[in-house]
Amino acid sequence: MQLVVARIGRAHGIKGEVTVEVRTDEPELRLGPGAVLATEPASTGPLTIETGRVHSGRLLLRFAGVSDRTAAEALRNTLLIAEVDPEDMPEDPDEYYDHQLMDLDVVLADGTEVGRITEITHLPSQDLFIVERPDGSEVMIPFVEEIVTEIDLVEQRAVIDPPPGLIDDNAVVAAPADSSEDDSPSGDDTDDDGPDGAAKGGSA
């Protein structure tokens, strides 16, 4: 099974480093030096991570064979994809891979239908469920334990206890275009025909 673990952002400096939008809660496992990753588009890869470091709160990677800013900038918006055993589960019991959460029914504790998870957005501070409501509108639900009280993979549902205003009609909002620092259109893992990352309940 393939999981999108990051998206490459803009070049950083002149020596081939790039910023990456991390889409896994296990970056030390998926994005460590020596990791060989498939890419989307496939023609860009595979890419082998040579070095990685954190700068101003963002992960910077350098890939083998990418030694200058021009080559690094050519990788912008490329998705990095790891091959993962489908039986694998995140080490943290409160974490879920995106593919496990996609299409779950979102309901209130009394069973009232809220909608269906169509996308998971990974932000630096928390993850968000993008939930499509029965009328076609969308609402963002923070994936934190105070709001998402239960994930039931057997029943294929997520139970939420939203604060006032979160899912009211006047609070319905469109999904954000992108949370990364670059200006490109969103390439969220849930729009990539299968590969996905991991999401975590509670504070990230």
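The values are calculated or read from the model by the stated rules, or taken from the named source; none is laboratory data. Only a predicted model underlies this, so the values are computations on that prediction, with no experimental measurement involved. So basically every Cβ, Gly included, is an ideal-geometry build from the backbone, and we count neighbours across all protein chains shown. The area values use the complete protein model at the heavy-atom level, side chains included, leaving out ligands, DNA and RNA. Shrake-Rupley method; radii C 1.70, N 1.55, O 1.52, S 1.80 Å.
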Identity of the residue in segment 28-44, without any contact (Cβ under 8 Å) to a residue 40 or more places away in the chain and in a helix (DSSP H, G or I), that ends up most open to solvent (accessible area, probe 1.4 Å): E28
Options P195, P185, P134; residue that is open to solvent by 60 Å² or more (accessible area, probe 1.4 Å), modelled with pLDDT under 75 and not polar (S, T, N, Q): P185
Residue check, T190 modelled with pLDDT of 75 or more and either open to solvent by 20 Å² or more (accessible area, probe 1.4 Å) or part of a strand (DSSP E or B) (or both): no
Of all residues making up segment 53-79, the number that are buried (at least 17 other Cβ atoms within 10 Å of the Cβ) and outside any strand (DSSP E or B): 6
Number of positions in segment 6-57 that are farther than 17 Å from D68 by Cβ, among the charged types (D, E, K, R) and over 18 Å from the mean Cα position of the chain (by Cα): 1
Candidate set from segment 1-27 (those that are open to solvent by 10 Å² or more (accessible area, probe 1.4 Å), closer than 18 Å to P41 by Cα and of a type outside the set (A, V, I, L, M, F, W, C)); member that is modelled with the lowest pLDDT: Q2
